[in-house]
Amino acid sequence: MITVEFLGPIGKEPMQFDIKNLNELSEVLQKDESLHPWLENSAVAINDVLVKDKNTPLNDGDKVSILPPVCGG
């Protein structure tokens, strides 16, 4: 089981899934219309390490963070 946390203004509670890679996670999250504006532009980290490859494997206990773009002032 992996935990997905949504940081910043996304405003979603953490979720847990039993999936094998980021591609599977992307497919599941695309079903939630409230996430559509965020998923295309957000960075993804696994256990606090940024990743880009959707085939990156996920292991039991991993934490996936969805990091939306933010602006500073």
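Just so you know, all these numbers are worked out from the coordinates, no wet-lab data involved. This is a predicted model, so every value here is computed, not measured. Here the Cβ positions follow ideal geometry from the backbone for every residue, glycine too, while neighbour counts run over all protein chains shown.
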Practice problem: Specify the residue that is farthest from residue 13 (Cα to Cα); the eligible residues are those in the stretch 57-73 that are outside any loop (DSSP other than H, G, I, E, B) and of a type outside the set (Gly, Ala, Ser). | Solution: 57
Quiz item: Which members of the stretch 29-63 meet the condition of being among the acidic types (Asp, Glu) and under 12 Å from the mean Cα position of the chain (by Cα)?
Solution: 40, 48, 62
Quiz item: Residues of the stretch 22-36 being assigned to a helix (DSSP H, G or I) and over 14 Å from residue 64 (Cβ atoms), which ones?
Solution: 30, 33, 34, 36
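Of everything in the stretch 1-21, what is within 13 Å of residue 63 (Cβ to Cβ) and either of a type in the set (Val, Ile, Thr) or in a helix (DSSP H, G or I) (or both)? Give them in sequence order.
Of the residues in the stretch 1-21, the ones within 13 Å of residue 63 (Cβ to Cβ) are 1-7, 14-17.
Those that are within 13 Å of residue 63 (Cβ to Cβ) and either of a type in the set (Val, Ile, Thr) or in a helix (DSSP H, G or I) (or both): 2, 3, 4.
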Quiz item: So which residues in the stretch 7-35 are touching an Asp or Glu at 6+ places or on another chain (Cβ under 8 Å) and touching a residue at least 24 places away in the same chain (Cβ under 8 Å)?
Solution: 22
Practice problem: Filter the stretch 37-56 down to residues that are β-branched (Val, Ile, Thr) and not in a loop (DSSP other than H, G, I, E, B) and give me whichever is nearest to residue 70 (Cα to Cα). | Solution: 44
Quiz item: Across the stretch 35-52, what is the number of residues that are more than 16 Å from residue 63 (Cα to Cα) and surrounded by fewer than 10 Cβ atoms within 10 Å (Cβ to Cβ)?
Solution: 2
